[in-house]
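Data first, discussion second: the structure below is written as structure tokens.
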Amino acid sequence: MSNIYKAFENGKAFIPFVTCGDPDLNTTAAVVRAAAQSGADLIELGVPFSDPVAEGPVIQAASMRALAGGATTDKIFELVVDLRKDVTIPLVFMTYANVVFSYGAERFAKRCAEVGVDGVILPDVPFEEKEDFAPICDQYGVDFISLVAPTSENRLAMIAEEAKGFLYVVSSLGVTGVRSEIKTDILSIVEVVRKHSKVPFAIGFGVSRPDQAKQMARCSNGVIVGSAIMKIIAEHGKDSPPFVAAYVKEMKEAIVSL
């Protein structure tokens, strides 16, 4: 069984996203530990890329700061080695196809397995092109995590059936970012996912407030938040870990009773 399932064993999962290296890797390590200690059930570690097409301005800016500060894929793997000394919750990488291709897909998957990365999310890889990555991830016991979006339509069932680890349900059209209201007909997507997938699914893109988290958690197994956390880090920099901890605690408390 995938280690990722542990994130969903005790009720609704709260899943924060953190761009590695913003403002530096030491701060990322402190933020991840703070989030884990404050109730995060799984953490997405963003490996920065120069053209993150799925991201809104907040995470784009975080990626640029991280790259300018010298964050590299190898340094991020070493970050995970350090985190795994005491962080036991599942960790997954979220990055882009070019990052994995340039590193070498098999080398990347093998290193993930060695350091304790449980899954990989590549939002710019369509389901039909996942064969460039998924079999190699399978070979090393790393879950290649699929996404479904409001535009998936007749492909939704097919994607859900083959999902590994957890299924990332994109709540809104467009890029990541804080939204005042989520207007997508999530329930129609959820209905198809529940019918065709055996793995847990979590909803992301646009979730930032406790009331939104509760709304999304009611119809899913978990909630993913990225931009709201990276806004905190952009504001507080190296002093951000306690602010992230407080935010994670508040969001987790909003969904824990569901």
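Quick rundown of the values:
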quantity	calculated
Filtered residues of the range 141-162 (kept if closer than 21 Å to VAL100 by Cβ and exposed (fewer than 15 other Cβ atoms within 10 Å of the Cβ))	GLY141
Scope the range 11-41; condition under 11 Å from ILE89 (Cβ atoms) and either among the small types (Gly, Ala, Ser) or without any contact (Cβ under 8 Å) to a residue 24 or more places away in the chain (or both); matching residues	ALA13, ALA35, ALA36, GLY39, ALA40
Residues located in the range 50-70, provided they are surrounded by fewer than 23 Cβ atoms within 10 Å (Cβ to Cβ) and either of a type in the set (A, V, I, L, M, F, W, C) or outside any helix (DSSP H, G or I) (or both)	SER50, ASP51, VAL53, ALA54, GLY56, VAL58, ALA61, MET64, LEU67, ALA68, GLY69, GLY70
Residue check for ILE224: more than 17 Å from the chain's Cα centre (by Cα), modelled with pLDDT of 95 or more and β-branched (Val, Ile, Thr)	no
Test for SER220: is it of a type in the set (S, T, N, Q) and in contact with a strand residue (DSSP E or B) (Cβ under 7 Å, 6 or more places away or on another chain)	yes
Residue in the range 155-174 that is hydroxyl-bearing (Ser, Thr, Tyr), within 19 Å of MET94 (Cβ to Cβ), touching a Phe, Trp or Tyr at 6+ places or on another chain (Cβ under 7 Å) and at pLDDT 90 or above present	no
Residue match in the range 200-219 (condition: of a type in the set (A, V, I, L, M, F, W, C), surrounded by fewer than 21 Cβ atoms within 10 Å (Cβ to Cβ) and at pLDDT below 90)	no
From ASP74, ASP82, residue being of a type in the set (Asp, Glu) and either part of a strand (DSSP E or B) or touching a residue at least 40 places away in the same chain (Cβ under 8 Å) (or both)	ASP82
Search result, residues across the range 107-145 that are outside any helix (DSSP H, G or I), farther than 17 Å from GLY46 by Cα and modelled with pLDDT of 95 or more	PHE133, TYR140, GLY141
Lone unmet requirement of (1) touching a helix residue (DSSP H, G or I) at 6+ places or on another chain (Cβ under 9 Å); (2) over 16 Å from TYR168 (Cβ atoms); (3) in contact (Cβ under 8 Å) with a residue 40 or more places away in the chain for SER63	(1)
Per-region count, the range 207-251, residues more than 24 Å from GLY165 (Cβ to Cβ), touching a residue at least 60 places away in the same chain (Cβ under 8 Å) and hydroxyl-bearing (Ser, Thr, Tyr)	1
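The values are calculated or read from the model by the stated rules, or taken from the named source; none is laboratory data. Bear in mind that the values here come from a model prediction, so they are computed numbers and not experimental data. Counting neighbours? That spans all protein chains shown, and the Cβs are built from the backbone with ideal geometry, glycine included.
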